[in-house]
Amino acid sequence: MRAFSPLLLVVTWVLTGCPNRVERVAGTSDARIDAAEARMEELRFQANAEEASCASRCDASSELCGLADSLCSWVESTPDRTDLPPRCVQAREQCAQAHGRCTRCRQG
């Protein structure tokens, strides 16, 4: 009986590959959060525009707060990500500011 040659072992090892250890692939969650933050920034500018009507400011505020809620839900679903809670806090602050501008606009 013939023994396996070292070349055959090397070829087998190369073809089967060596599994890589991947800690975490964050692409989808990070992309959603980044997109939500970008849209929130647009809405913040829209709500702050001097020429914006009261209705426009309040619509922007409502959408911004909805995005903040979504963003915070994503953050809460990944408790191992310690880099995300500050982003939720910032989103909630932006919501509160936009809501305040809407309320002041409606009050006169």
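Residue-level check: of (1) aliphatic (A, V, I, L, M); (2) out of contact with any Ser or Thr (no Cβ under 7 Å at 6 or more places or on another chain); (3) open to solvent by less than 30 Å² (accessible area, probe 1.4 Å), residue 38 misses just (3). Within the stretch 72-105, being open to solvent by 40 Å² or more (accessible area, probe 1.4 Å), over 13 Å from residue 47 (Cβ atoms) and in a helix (DSSP H, G or I) holds for 73, 74, 76, 85, 86, 87, 89, 90, 92, 93. Consider the stretch 41-71 and keep the residues that are assigned to a helix (DSSP H, G or I) and among the hydroxyl-bearing types (Ser, Thr, Tyr). The one that is most open to solvent (accessible area, probe 1.4 Å) is 62.
The values are calculated or read from the model by the stated rules, or taken from the named source; none is laboratory data. Quick caveat: nothing in here was measured; it's all calculated off a predicted structure. Because the Cβ atoms are built from the backbone with ideal geometry, glycine has one as well, and the counts that use them run over all protein chains shown. Just so you know, the surface numbers come from the protein's heavy atoms only, side chains and all, with ligands and any DNA or RNA stripped out. Shrake-Rupley method; radii C 1.70, N 1.55, O 1.52, S 1.80 Å.
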